[in-house]
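Visitor: For reference, the structure I am asking about is given below.
Bear in mind these aren't lab numbers, they're just calculated from the coordinates by the rules spelled out. In this text the structure is predicted, and so the values were computed from the model without any measurement. In this analysis, Cβ positions are derived from the backbone assuming ideal geometry, glycine residues included, and neighbour counts consider all displayed protein chains.
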Amino acid sequence: MRLLLFSDVHTDLNAARSLVSRSSEADVVVGAGDFCSMRRRLEPTIEILSRIRRPTVVVPGNSESQEELQRACRQWEACSVLHGTATVIHDVPFFGIGGGIPVTPFGAWSYDFTEAEATDLLADCPERAVLVSHSPPYGAVDVSSRGERLGSKALAEVVEARSPRLVVCGHIHGSWGRTEKLHGVPVHNAGPSGTLWELEP
């Protein structure tokens with residue numbers, strides 16, 4: 001199965017158009033959050049991305065809430081919005097969790113969760129799923145431009161316990177486009193340019 005992975009479009013409409021064009025090369029499209037910026041201009045970005053006809057899985061970032069993303073995507077028939085929930089596409093389970101984990105320093109506009117809240121949201125993550133998370137797990141593709149590790153320990157624990165086939169994330173811009181392994185699991189911080197990924201059987 002070929003996946004098109006992306007994150008952190010942040011209202012870049014040209015990036016959104018490029019992803020629509022590239023989506024025909026994929027079987028499934030995965031968007032790991034932050035479609036808008038600071039809760040603004042979500043609808044124009046989703047309006048463009050909704051031209052994607054391939055099955056698509058998205059999670060909210062910390063720039064938009066689950067409710068806002070679900071509302072913006074309500075006419076996008078190919079899209080499933082996941083947050084503490086799963087779906088199955090072509091016999092492959094996809095599980096999603098959104099928001100900033102742990103809580104960011106950005107204030108009231110940011111859609112954030114504590115590590116304890118994330119642990120609860122991750123409770124139903126199946127084994128060997130594709131795990132889609134806006135935030136990276138602690139210890140992989142989570143290094144900021146300042147050299148700080150900002151990933152989630154709750155996510156790292158789930159990676160160790162459930163052995164997902166792949167973790168797709170974003171959030172930490174300093175690690176965009178990078179792939180690292182955590183407990184033997186590939187973790188990819190996608191970024192807005194998008195990456196075509198061959199999912200191993």
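Visitor: Between Thr179 and Met38, what is the label-point separation in nm under the 7 Å Cα-to-beta-carbon projection?
Guide: 3.5 nm
Visitor: Regarding segment 35-92, what are the three Cα extents along the principal axes, ordered largest first, in Å?
Guide: In descending order, the Cα extents are 35, 25, 14 Å.
Visitor: From the backbone phi of segment 105-117, what are the Karplus-calculated ³J(HN,Hα) couplings (6.51 cos²θ - 1.76 cosθ + 1.60, θ = phi - 60°) in whole Hz, Gly and Pro given as x?
Guide: Values per residue, Gly and Pro as x: x, 7, x, 5, 6, 7, 8, 10, 9, 6, 4, 5, 5 Hz.
Visitor: Evaluate Rg over Rh across segment 2-198, taking Cα atoms for both radii and Kirkwood's formula for Rh.
Guide: 0.92
Visitor: Only Cα pairs under 8 Å and at least 6 apart count here; give the relative contact order of the chain as a rounded whole percent.
Guide: 22 percent
Visitor: I'd like the FRET efficiency for Val103 and Arg2, computed as 1/(1 + (r/R0)^6) with the beta carbon distance as r and R0 of 41 Å, rounded to 0.05.
Guide: Plugging the Cβ-Cβ distance into 1/(1 + (r/R0)^6) gives 0.70.
Visitor: For Val28, what charge total do you get from the other residues with a beta carbon under 9 Å from its beta carbon, if Lys and Arg give +1 and Asp and Glu give -1?
Guide: Its environment carries a net charge of +1.
Visitor: Nothing charged except the Cβ atoms of Lys and Arg (+1) and of Asp and Glu (-1): what's the magnitude of the dipole of the chain about its Cα centre? Round to the nearest 20 debye.
Guide: Value, rounded to 20: 520 debye.
Visitor: Another question, if that's okay. Once the Cα gyration tensor of segment 112-201 is found, what semi-axes does its equivalent ellipsoid get, as square roots of 5 times the eigenvalues, in whole Å, sorted largest first?
Guide: 19, 17, 11
Visitor: Can you tell me the order of 192-200, 142-150 when each peptide is scored by its average per-residue count of other Cβ atoms within 10 angstrom, highest first?
Guide: Answer by packing, highest mean first, reads 192-200, 142-150.
Visitor: Mind giving me the FRET efficiency for Glu115 and Glu77? R0 is 35 Å, r the Cβ-Cβ distance, nearest 0.05 is fine.
Guide: 0.50
Visitor: Let me ask another. Calculate the radius of gyration of the Cα atoms of segment 158-201 to one decimal place, then report Dmax, the largest Cα-Cα distance, as a whole number, both in Å.
Guide: 10.7, 31
Visitor: May I pose another question? By DSSP, what percent of the beta bridges with both residues in segment 2-198 are antiparallel, rounded to the nearest 5?
Guide: In segment 2-198, DSSP labels about 40 percent of beta bridges as antiparallel.
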